[in-house]
1. Skip the ligands, DNA and RNA, and give the accessible area per residue of the range 30-167 with a 1.4 Å probe, whole Å².
2. Determine the calculated [θ] at 222 nm for the chain from helices alone, applying -39500 (n - 2.57) to every DSSP H run no shorter than 4 residues and normalising by the residue count; nearest 500 deg cm²/dmol.
3. Please get the size of the charge dipole for the chain, origin at its Cα centre, with Cβ charges of +1 on Lys and Arg and -1 on Asp and Glu, quoted in debye to the nearest 20.
4. Mind telling me which of SER17, SER63, SER25 comes out most flexible in a GNM of the chain, alpha-carbon contacts under 10 Å?
5. Please report the carbon-and-sulfur percent of the accessible area for the range 24-167; probe 1.4 Å, protein heavy atoms only, DNA, RNA and ligands left out.
6. As I understand it, the dipole of the range 15-148 uses +1 on the Cβ of Lys and Arg and -1 on the Cβ of Asp and Glu, about the Cα centre. Which of GLY44, TYR136, VAL116 lies farthest toward its positive end?
7. Principal axes first, then extents: for the Cα atoms of the chain, list largest minus smallest coordinate on each axis, whole Å, largest first.
8. Taking amide H positions as placed 1.01 Å from N in the peptide plane, with prolines and chain starts having none, which residues 5 or more places from VAL116, or on another chain, fall under 5 Å of its amide H?
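The values are calculated or read from the model by the stated rules, or taken from the named source; none is laboratory data. Owing to the predicted nature of the structure, the values given are computational and were not obtained by experimental measurement. All Cβ positions, glycine included, derive from the backbone under ideal geometry; neighbour counts span all protein chains shown. Ligands, DNA and RNA are excluded from the accessible area calculation, which covers all protein heavy atoms including side chains. Shrake-Rupley method; radii C 1.70, N 1.55, O 1.52, S 1.80 Å.
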Amino acid sequence: EMRPEIVLFGDSITAQSFRSGGWGSALADAYSRKADVVVRGYGGYNTRWALFLLHHIFPLGSSSPPVATTIFFGANDAALKGRTSDRQHVPVEEYTDNVRKIVQHLKKCSPTMLIVLITPPPIDEAGRQSYAESIYGEKAMKEPERTNETTGVYAQHCVVLAEELGL
């Protein structure tokens, strides 16, 4: 018999959520007798690219849509323009709009689905810099490609959108 599914939809943070001590494996453990936790994490993806996956991962008219879905994007959208991760950047208004479109699609798949929006997390700015230096040495970028200040703006928009949509 089909077990209820909880889908984790997001970028590499979601893709890696089943690593040792990860939040995905903790969810799978918590729901082990009740539901299957399915990971749909796409490393490097932003919300613009995520829209192309929607119908593939969440087909309309499915007889067994997920009972719950987490949407965890924004870390890549918040990459700064003109820096090394420039191509991942999505302006915050478009990010918000894209997340809204994802939610609307999921609601079409199942009006009763529990949808959880997760804000992009804080950046370990010093850690990212020393990691880059350990790999690239002197060639390491001097300016960060992600900052807490910018990511915080995206996180705030995510929170406001969740409130607006009653999520």
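1. Value for the range 30-167: 56 Å² per residue.
2. The per-residue figure over the chain is -12000 deg cm²/dmol.
3. Here the size comes out at about 440 debye.
4. Checking each option, the largest mean-square fluctuation is seen for SER63.
5. Carbon and sulfur together cover 55 percent of it.
6. The residue sitting farthest along the positive end of the dipole is VAL116.
7. The Cα atoms of the chain stretch 57, 35, 26 Å along the principal axes, largest first.
8. So VAL116 has HN proximity to THR69, THR70, ILE71.
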